[in-house]
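A short write-up of the structure that comes next.
Values in this text are rule-based calculations from the coordinates and carry no lab data. Keep in mind the model is a prediction, meaning the values are calculated, not measured. Ideal geometry is used to build each Cβ from the backbone, glycine not excepted, and the neighbour counts take in all protein chains shown.
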Amino acid sequence: MQLKRNISLVYLSLVPFVTAVFGFGVGHISYTIYIPVWIVNVCVMVAAAWVLGLKVIKNNDTERKQLTLGSFFLIIPWILISIFFGFGPPPETAAEWVATAAEQQVRYSILIIAGVFIAFGFATLRDKLKSIGESFYSGIGFTAITIAIPLFIINMIFWGFFLTESFRILAATASEKMPEWFSPVRKLFGLLSVVEVALTYLTTAFFAASLKSAGWFHKIPARIYIIISLLAFLIIVLSAFCPEPFISAGYAVSIPAIPFIMPYFIGIKVLRRAGK
């Protein structure tokens, strides 16, 4: 049984990195390949989560069910996002964007759903942490994520739908330049992205501190989560005001799925605890 748990833990831990390697390294591939592979991966990830601790939901222990569901909500985003291994990065030209418009809208719709589950996960964990007496760090983290996710959803709607329709109009008119009004709008959403990404990293840092305070995380893992989150927070904030290399570094830490990686690992760790 312990071997199954260890294999499940390793598999779940590798998913974000394998997705990134194939997504950025290989690029766009045919949907006839990535959809079947993704469906198999979804089944394996759910099975791995079940072995690791999700099976606790069958028990009558309400508190363990709450802990299990809260942690699984943080894992669900990467179960969905793992399909991006076949999408590749977003297109760099309007023509390429229009040619793959349906996939781009699916991409950002998935990210919106992922953001909602991140909010559900942290909300559920916050209630559990509050019930055992840790309300300070979890309260601040919960406040941050309740501000971040609505901004994230608005940002994803801009990228997935407003931008797609703008590129369609651009392609239909055979124009090579976006209208003058587009630049201020793009800068507005660039700043909005900085705010929501920064708040998401702060959420992760405060929940890591909360889990440490509650005794669910050991000191060293909690400090790793906190340091990485605060470093990413600092990078994304500086990228809005400073030149290179901060701009490139800010872009790297603000790729929509990246801020959800550490909440994903928090979910795995808490789910593993719930399953013991």
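Given points 7 Å out from each Cα along the Cα-Cβ axis, report the Ile147 to Asp127 separation in nanometres with one decimal.
With each label placed 7 Å out from Cα toward Cβ, I get 2.4 nm.
Whose amide H sits under 5 Å from the amide H of Trp216, counting only residues 5 or more places off or on another chain, with H placed in the peptide plane?
none
Can you tell me the order of 119-125, 249-255, 30-36 when each peptide is scored by its average per-residue count of other Cβ atoms within 10 angstrom, highest first?
Order by mean packing, descending: 119-125, 249-255, 30-36.
Please give the FRET efficiency for Asn59 paired with His218, using the beta carbon to beta carbon distance and R0 = 22 Å, rounded to the nearest 0.05.
Computed FRET efficiency for Asn59 and His218 comes out at 0.30.
³J(HN,Hα) across the stretch 211-221 via Karplus (A = 6.51, B = -1.76, C = 1.60, θ = phi - 60°), whole Hz, x for Gly/Pro?
Couplings: 5, 5, 4, 7, x, 8, 10, 6, 4, 5, x Hz.
Could you go through the stretch 148-165 in sequence order and give the Karplus-derived ³J(HN,Hα) for each residue, using 6.51 cos²θ - 1.76 cosθ + 1.60 with θ = phi - 60°, rounded to whole Hz, and x for Gly and Pro?
With the stated coefficients, the stretch 148-165 comes to 5, 5, x, 5, 4, 4, 4, 5, 5, 5, 4, 5, x, 10, 4, 5, 4, 5 Hz.
Ile113 versus Asn6, label points 7 Å from Cα toward the beta carbon: distance in nm?
Result for the modelled spin labels: 3.5 nm.
Apply the Karplus curve 6.51 cos²θ - 1.76 cosθ + 1.60, θ = phi - 60°, to the phi angles in the stretch 32-48 and return the couplings in whole Hz, x for Gly and Pro.
Calculated HN-Hα couplings, in order: 5, 9, 6, 5, x, 5, 5, 4, 4, 4, 4, 4, 5, 5, 5, 5, 5 Hz.
Determine the calculated [θ] at 222 nm for the chain from helices alone, applying -39500 (n - 2.57) to every DSSP H run no shorter than 4 residues and normalising by the residue count; nearest 500 deg cm²/dmol.
The per-residue figure over the chain is -26500 deg cm²/dmol.
Please list the radius of gyration and Dmax for the chain, considering alpha-carbon atoms only, with Å as the unit.
Radius of gyration, then largest Cα-Cα span, for the chain: 19.5, 62 Å.
Based only on Cα atoms, what mean projected area does the convex hull of the stretch 170-276 have, in nm²?
Approximately 9.4 nm², given one-decimal rounding.
Can you give the extra length, in nm with one decimal, that the chain gains between Phe241 and Ile154 once fully stretched, where that is 0.36 nm per residue apart less the Cα-Cα distance?
In short, 29.1 nm is gained.
Could you put Leu67, Leu3 in order, starting from the residue whose Cβ has the fewest other Cβ atoms within 10 Å?
Ordered by Cβ neighbours within 10 Å, fewest first: Leu3, Leu67.
Quick one: compute the contact order of the chain, relative version, from alpha carbon pairs under 8 angstrom and 6+ residues apart, as a percent.
Result for the chain is 25 percent.
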